[in-house]
Amino acid sequence: MTAELVRGQNHPLSQARLEIRIAAGTPVVAGATLGDEHGTVHGAEWVVHPGAPTRPGLEVSRQAAADHRLAVDLGAVPEAVHRVHVLLALPAAGGPVSFGAVAAPFVAVTGPDGTELASYTITGLDAESAVVALELYRRQGAWKVRAVGQGYAGGIAELLADQGLPQAHQIAGAIHDAVAQSLSRAVPMPPPLTADADRPRRTATPAPGPEQSSSAPQGAPSAVPPSSPYGTQPTGTQPPGIQPPGIQPSGTPPQQMPPHGGSPSGSPQQMSPHGSPAPGTPQPTSPYGAQDTPAVGGPPSGYGQGPSDVSGPQPPEPTTSGPIDYSHPRRQSAAPPPPPPTAPPAPPGQPARPVAGDATGWSMDERLYNQVWGMFEDLARSTAAYRSAVDFADSRMEKELDAALADPRSRIGGQGDAAREAARAKHAQLVEQARAVYDRDLGQLTAESEVVEPALPPAYARWDNPVWHGYRVPFEVPMAVRLGDLHLPECPELRIPMLVRLPLERGLWIDSGAAGSLDGSFLDAHELHRLALDTAVAIAARLIAVHPAGDFTLHVIDPAGSGVQALAPLARTGVLAAPPAVGAAGVAETLGRLTQRVDLVQMAVRGGAADSLPPGVDASEQLLIVNDFPHGFDDRAVTQLRYLADEGPSVGVHLMMVADREEASAYGPLLDPLWRSLMRLTPVPDDHLADPWVGHAWTYEPALVPPGSQVLQQVLTQVAAARTKYS
């Protein structure tokens, strides 16, 4: 399972032989340095670069390219080496001069078989021309990888000097010389688009992709270049306003909080820009030598790319009357996604008006998802800047007051009072300036939230959003689902949707323990448990509503029958696979059935026979809601529950517990792994979630159904009707 890292995050490495795969938006130089336990590089022999591409345990590329594969054998590096830093730099001769002018580089650590272990998108670069991307380091006899992303505006020389290399400038010069000698073999990006007046156009309606509607009017003008003799658009052409696949949209944060789910269906992947020709197909001579030929002009595999037509006519031989087309002869390219909507022009001196869905993506759902996470990151950074400014003002005032009190002559009298008053006035001025900037940012984010919230699809929308009144059972699984709202104490009125990627990679723990809400009110145990179960029902109803009919199954364990009233919407509409299990026998039967399903699917997947499950095995996603834990659970049932929490998500069995940890404390450390594997949510607002960027304590508020609303009943009724028709 891939770990999507953010800056500063680390991840253990389970094997010594690795590949470092690098994808960038322009040819870059890749290298590595070997450091001791302090990270110091002691000499030229500790640097691996295009001029010296091999060292014990390391091998890098000999030239600049948009894609690299670095071979690493951690078991072969010298014993004195404790840190391996992976470096990226822009070539000195031609091309962009800073990483801020190109797409964010993407780095992945994989096994020799290509299995991705960890990945990192290096965002936030500006004037830097060299960057330390990753650090592989020893820790207690084992190796780990850390996402670094430390950039250097002074290039490779400044980077090497910062790592303690004495001859940093000489080594940097040698690297640039080696790159310049092989620059003719570098893999460039496609040439820029021609001006609109010079771009040939033809009247056509592009075929819609898997996530596009075919609502474009027939005969509408389209910026589609003339057809290639191979059926694809010529190299270097691209519709205006669309980023090449593999480039992460600017301003979109890494999908980290919470890091659930793999790459979404339809999201731009970090893809290699090279294609490999089909066997037996005549190919023109490539000017890149042994390099793979670029295949640009279409979306990556998985975005509407149809199967190859091997029975069709062979492509004609390329002629010499025009530029050679290096695209794959049988590759079919679906139409690229339409450009995101643009904001209307704003009055002079005013910020641009926000527009829903103006982030990059292959569908409106993906654009809204990226926009929501961009809002989350913007609020996190703005709040961090404001808090930092206030802390600076506080520390400055303390220093000035200490200086005024340090002089005995100024402690008493008008001089001391004036110094203290001046310090307080300066503090108030600094805080006021920081608050003004923060309020400006909050105003822009609030305006964007007011535009984005009404445009959200059902999976992302609150229950009071009118979009639920037009709900229809979907035909595709969405990218994410909303579990609640997040906000910070400086701006409690600005709520950011908490979106979690699908399929879930962690179970959920709805905490029903006694606690006081943030508004100072205290709830008794029965009221808190009722709210916790209402939260679980709302989340479960949302999960089954956003999945296609028959693709999601709900199970409930209610040993004492205490949740009959709260579970009534699920039981009454018939969306449950079976009535809630009661008593110890019901607990054992339900857990045994789901445990057997996990075992069967795991064996089928490992044996390469995932489509050959025995009859009667429900292959849909499963969600088990457990109420009143640990009542009705013996040691065997607890062990099965832990097994489902650990092994279930990988094969589509998910766990949602409504429980009070204090009540289960009698089991001692036996349940600690279970609690740690689940995401804790609360039925009342609580500031227990932290983001990985700046460590803010975000207040989580559950997405409950408004009191008296019938929307939940209406949605579940449609789900039940669709399931009956499907079955």
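Tell me, which strands (runs of 3 or more DSSP E) lie completely within segment 444-554 with 3 or more residues that are modelled with pLDDT under 95 and not aliphatic (A, V, I, L, M)? Quick ask: steps written out before the conclusion?
Numbers: elements: 480-487, 496-501, 507-511.
Qualifying strands (runs of 3 or more DSSP E): 507-511.
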(Q) Being closer than 30 Å to Tyr386 by Cα and surrounded by fewer than 20 Cβ atoms within 10 Å (Cβ to Cβ): is that true of Gly668 here? (A) no
Q) Since Glu116 meets every condition but one in (1) without any contact (Cβ under 8 Å) to a residue 40 or more places away in the chain; (2) within 29 Å of the chain's Cα centre (by Cα); (3) open to solvent by 30 Å² or more (accessible area, probe 1.4 Å), which condition does it not meet? A) (1)
Q: Looking for whichever is over 26 Å from Gly708 (Cα atoms) and either of a type outside the set (Phe, Trp, Tyr) or touching a residue at least 12 places away in the same chain (Cβ under 8 Å) (or both) here; the options are Gly443, Gly484. Which one fits?
A: Gly443
Q: For segment 9-39, name all the residues that are open to solvent by 10 Å² or more (accessible area, probe 1.4 Å), of a type in the set (Ser, Thr, Tyr) and in contact with a helix residue (DSSP H, G or I) (Cβ under 9 Å, 6 or more places away or on another chain).
A: Thr26
Q | Scan of segment 378-389 for residues that are of a type outside the set (S, T, N, Q) and either more than 21 Å from the chain's Cα centre (by Cα) or open to solvent by 10 Å² or more (accessible area, probe 1.4 Å) (or both), ordered by number | A | Asp378, Arg381, Ala384, Ala385, Tyr386, Arg387, Ala389
Q: Taking the residues in segment 38-51 that are assigned to a strand (DSSP E or B) and touching a residue at least 40 places away in the same chain (Cβ under 8 Å) as candidates, determine which candidate is nearest to Arg138 (Cα to Cα).
A: Val47
Q. Residues in segment 622-648 that are open to solvent by less than 30 Å² (accessible area, probe 1.4 Å) and assigned to a helix (DSSP H, G or I): how many?
A. 6
Q) Within segment 70-86, is even one residue closer than 20 Å to Gln163 by Cα, open to solvent by 20 Å² or more (accessible area, probe 1.4 Å) and touching a Pro at 6+ places or on another chain (Cβ under 7 Å)? A) yes
(Q) Criterion first (of a type outside the set (A, V, I, L, M, F, W, C), over 30 Å from Asp524 (Cβ atoms), open to solvent by 10 Å² or more (accessible area, probe 1.4 Å) and modelled with pLDDT under 90) does Ser727 satisfy it? (A) yes
Q: Identify all residues within segment 649-686 that are of a type in the set (A, V, I, L, M), at pLDDT 90 or above and either over 20 Å from Ala540 (Cβ atoms) or in a loop (DSSP other than H, G, I, E, B) (or both); write none if there are none.
A: Val684
Q) Just to be sure, is Ala147 assigned to a strand (DSSP E or B), crowded, with 17+ Cβ neighbours inside 10 Å and in contact (Cβ under 8 Å) with a residue 24 or more places away in the chain? A) yes
Q. Does Leu34 satisfy the condition of being farther than 22 Å from Arg506 by Cβ and either in contact (Cβ under 8 Å) with a residue 24 or more places away in the chain or of a type in the set (Gly, Ala, Ser) (or both)?
A. yes
Q | Among (1) hydrophobic (A, V, I, L, M, F, W, C); (2) modelled with pLDDT under 85; (3) surrounded by fewer than 12 Cβ atoms within 10 Å (Cβ to Cβ), the one test that Ala425 misses | A | (2)
(Q) Taking the criterion of being modelled with pLDDT of 90 or more and under 30 Å from the mean Cα position of the chain (by Cα), would at least one residue in segment 44-58 satisfy it? (A) yes
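Is it true that Val705 is within 22 Å of Pro503 (Cβ to Cβ), in contact with an Asp or Glu (Cβ under 9 Å, 6 or more places away or on another chain), outside any helix (DSSP H, G or I) and among the hydrophobic types (A, V, I, L, M, F, W, C)? If you could, list the steps in order and put the result at the bottom.
On the way: within 22 Å of Pro503 (Cβ to Cβ): no; in contact with an Asp or Glu (Cβ under 9 Å, 6 or more places away or on another chain): yes; outside any helix (DSSP H, G or I): yes; among the hydrophobic types (A, V, I, L, M, F, W, C): yes.
No, not satisfied.
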Q: Please find, within segment 567-583, the residue that is least open to solvent (accessible area, probe 1.4 Å) out of those that are more than 26 Å from Val651 (Cβ to Cβ) and in contact with a Pro (Cβ under 9 Å, 6 or more places away or on another chain).
A: Gly583
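Identify the residue in segment 555-591 that is part of a helix (DSSP H, G or I) and of a type in the set (A, V, I, L, M, F, W, C) and, among all such residues, is farthest from Asp485 (Cα to Cα).
Among those residues, the one meeting the criterion is Ala585.
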Q. If you scan segment 524-549, which residues turn out to be open to solvent by less than 20 Å² (accessible area, probe 1.4 Å) and not hydrophobic (A, V, I, L, M, F, W, C)?
A. Thr535, Arg542, His547, Pro548
Q) In segment 52-69, what residues are part of a loop (DSSP other than H, G, I, E, B), open to solvent by 20 Å² or more (accessible area, probe 1.4 Å) and under 21 Å from Ala92 (Cβ atoms)? A) Ser61, Arg62
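Is there a residue being in contact (Cβ under 8 Å) with a residue 40 or more places away in the chain, farther than 30 Å from Val6 by Cα and either touching a helix residue (DSSP H, G or I) at 6+ places or on another chain (Cβ under 7 Å) or of a type in the set (Lys, Arg) (or both) anywhere in segment 693-703?
no
The values are calculated or read from the model by the stated rules, or taken from the named source; none is laboratory data. As the structure is a prediction and not an experimental result, all values here were calculated from the model. Because the Cβ atoms are built from the backbone with ideal geometry, glycine has one as well, and the counts that use them run over all protein chains shown. The protein model used for the area step is the full one, side chains on, heavy atoms only, and it has no ligands, DNA or RNA in it. Shrake-Rupley method; radii C 1.70, N 1.55, O 1.52, S 1.80 Å.
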